[in-house]
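Asker: To start, I am sharing the structure in question, which I have written as structure tokens.
The values are calculated or read from the model by the stated rules, or taken from the named source; none is laboratory data. Just so we're clear, the structure is a prediction, and the values are computed from it rather than from any experiment. Because the Cβ atoms are built from the backbone with ideal geometry, glycine has one as well, and the counts that use them run over all protein chains shown. Just so you know, the surface numbers come from the protein's heavy atoms only, side chains and all, with ligands and any DNA or RNA stripped out. Shrake-Rupley method; radii C 1.70, N 1.55, O 1.52, S 1.80 Å.
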Amino acid sequence: MAQKIIIDTDPGQDDAVAILLALASPEIDLLGITAVAGNVPLDLTQRNARQVVELAGRDTPVFAGCDAPLARPLVTAEHVHGKTGLDGIALPEPTLPLQAQHGVDFIIETLRREAPDSVTLCPLGPLTNIATAFQRAPDIVERVRRIVLMGGGCFEGGNITPAAEFNIYVDPEAAKIVFGCGRPITVLPLDATHKALTSKDWIATMRGMGRIGEVVASWTDFFERFDVAKYGSEGAPLHDPCVIAWLLRPELFKGREINVEIETSSELTLGMTVADWWGVTDRPANALFIGDVDRDGFFDLLTERIGRL
Ligand code: RIB
Ligand code: CA
């Protein structure tokens, strides 16, 4: 039986690859995609999400969600993803219509309609939509099967500040609500995603895989410049596809159930995921925090699935 999921996203080249991976995988029943403001403003993230669905030749419904964090001004990341959020290659204007329903209402309605414990939420950006849905409809929280999100960091620290990873930093109040919701959570933090680095060989393989492979290669070529300049690493970290890959092949990842709290007041460490990896507090575990990924296995999966589109 395919896993029913909702992807909540701020495309972003890496979000786009994650969406393609989900669309290419028969194990996944992608009920809908809700866009959130993050890497770029909402008018672009919803447009980008529709472009990606169309690139894959699908008609998965795309909804626009929240255009700003719960309690702070929006911080975006054009310096990483470019002005459009999907810089690297020009795609045609999407013809797939944007759904009229608000993304938060779609999340609420879907969780109320589907059987309890049957829908997994896969946030790939700031957690504003998820937290807003939980605040507006507390009855849906217990119906969530699991939340599998990209965000945070432990030994890797942060990527937007020394202490915080971008998705959590943009809306720490939303992250606090999600991490405190009581449902099973799997976290794909920078500790894992910084090991999911593209290579020149993999990009060359993508370039030989038709139109979609060419687009993926162009996105990751563009996206890698920020990380190469910052970390001196070879390759772009495919952060968000790790979320979908964990759903498909969790054995490629290693982590532990630990307590994760979110800093929401300190200016210095705002948005930090305080991950108790060594269990030095008596705070109860609330998340499976992933620390490692089998890089070769991850890219073999990605290559095989992209090849199916
Ligand atoms: O810090 C990486 C995360 O922030 C990824 O989800 C990327 O798409 C951006 O949203
Ligand atoms: Ca993202």
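Asker: With the condition kept exactly as written, say whether any residue in segment 109-119 is part of a strand (DSSP E or B) and open to solvent by less than 10 Å² (accessible area, probe 1.4 Å).
Answerer: Yes, segment 109-119 contains a residue that is part of a strand (DSSP E or B) and open to solvent by less than 10 Å² (accessible area, probe 1.4 Å).
Asker: What is the one condition in (1) surrounded by fewer than 20 Cβ atoms within 10 Å (Cβ to Cβ); (2) touching a residue at least 40 places away in the same chain (Cβ under 8 Å) that GLU267 does not satisfy?
Answerer: Exception for GLU267: condition (2).
Asker: Could I ask something else about it? Restricting to segment 142-158, and then to whatever is free of Cβ contacts under 8 Å to residues at least 60 places away in the same chain and within 14 Å of ligand 1 (Cβ to nearest atom), can you tell me which residue is least open to solvent (accessible area, probe 1.4 Å)?
Answerer: Residue satisfying both the conditions and the ranking: GLY157.
Asker: Those residues that are over 29 Å from LEU127 (Cβ atoms) and either touching a residue at least 12 places away in the same chain (Cβ under 8 Å) or of a type in the set (Lys, Arg) (or both), I need them from segment 181-203; list them, please.
Answerer: SER199, LYS200, TRP202, ILE203
Asker: Can you name the residue in segment 169-210 that is hydrophobic (A, V, I, L, M, F, W, C) and touching a Pro at 6+ places or on another chain (Cβ under 7 Å) and is also nearest to ligand 2 (Cβ to nearest atom) among such residues?
Answerer: Per the stated criteria, the residue is VAL170.
Asker: Please work out which residue is nearest to ligand 2 (Cβ to nearest atom), limiting yourself to segment 152-168 and to residues that are part of a loop (DSSP other than H, G, I, E, B) and among the aliphatic types (A, V, I, L, M).
Answerer: ILE160
Asker: Select, from ALA35, ALA71, ALA56, ALA64, the only residue that is out of contact with any Gly (no Cβ under 8 Å at 6 or more places or on another chain) and within 26 Å of LEU309 (Cβ to Cβ).
Answerer: ALA56
Asker: I'd like to know if segment 147-162 contains one or more residues that are in contact with a helix residue (DSSP H, G or I) (Cβ under 7 Å, 6 or more places away or on another chain) and of a type in the set (Ser, Thr, Tyr).
Answerer: Scanning segment 147-162 turns up at least one residue that is in contact with a helix residue (DSSP H, G or I) (Cβ under 7 Å, 6 or more places away or on another chain) and of a type in the set (Ser, Thr, Tyr).
Asker: Still on this structure, please answer the following. Identify all residues within segment 120-151 that are in a loop (DSSP other than H, G, I, E, B) and under 15 Å from the mean Cα position of the chain (by Cα); write none if there are none.
Answerer: LEU124, GLY125, PRO126, LEU127, GLY151
Asker: Does segment 201-240 hold any residues that are open to solvent by less than 50 Å² (accessible area, probe 1.4 Å), touching a strand residue (DSSP E or B) at 6+ places or on another chain (Cβ under 9 Å) and of a type outside the set (D, E, K, R), and which are they?
Answerer: Hits for segment 201-240 are PHE223, SER233, GLY235, ALA236, PRO237, LEU238, HIS239.
Asker: Answer with yes or no whether ASP300 is charged (D, E, K, R) and in a loop (DSSP other than H, G, I, E, B).
Answerer: No; evaluated as a whole, the condition is false for this residue.
Asker: Of the conditions (1) within 16 Å of ligand 1 (Cβ to nearest atom); (2) within 22 Å of LEU248 (Cα to Cα); (3) aliphatic (A, V, I, L, M), LEU42 satisfies every one except a single condition; which number is it?
Answerer: (2)
Asker: Would you mind finding the one in GLY38, GLY57, GLY32, GLY85 that is out of contact with any Asp or Glu (no Cβ under 6 Å at 6 or more places or on another chain) and buried (at least 22 other Cβ atoms within 10 Å of the Cβ)?
Answerer: Only one candidate qualifies: GLY85.
Asker: Then there is this: The conditions are (1) free of Cβ contacts under 8 Å to residues at least 40 places away in the same chain; (2) among the charged types (D, E, K, R); (3) within 16 Å of ligand 1 (Cβ to nearest atom), and ASP240 fails exactly one of them. Which is it?
Answerer: (1)
Asker: Here's another thing I want to ask about it. Please give the number of the condition THR128 fails out of (1) farther than 24 Å from LEU42 by Cα; (2) in contact with an Asp or Glu (Cβ under 6 Å, 6 or more places away or on another chain).
Answerer: THR128 satisfies every listed condition except (1).
Asker: OK, next. May I ask you to list the residues in segment 17-53 that are among the hydrophobic types (A, V, I, L, M, F, W, C) and more than 20 Å from PHE106 (Cβ to Cβ)?
Answerer: Answer for segment 17-53, where residues must be among the hydrophobic types (A, V, I, L, M, F, W, C) and more than 20 Å from PHE106 (Cβ to Cβ): VAL17, LEU20, LEU21, ALA24, VAL40.
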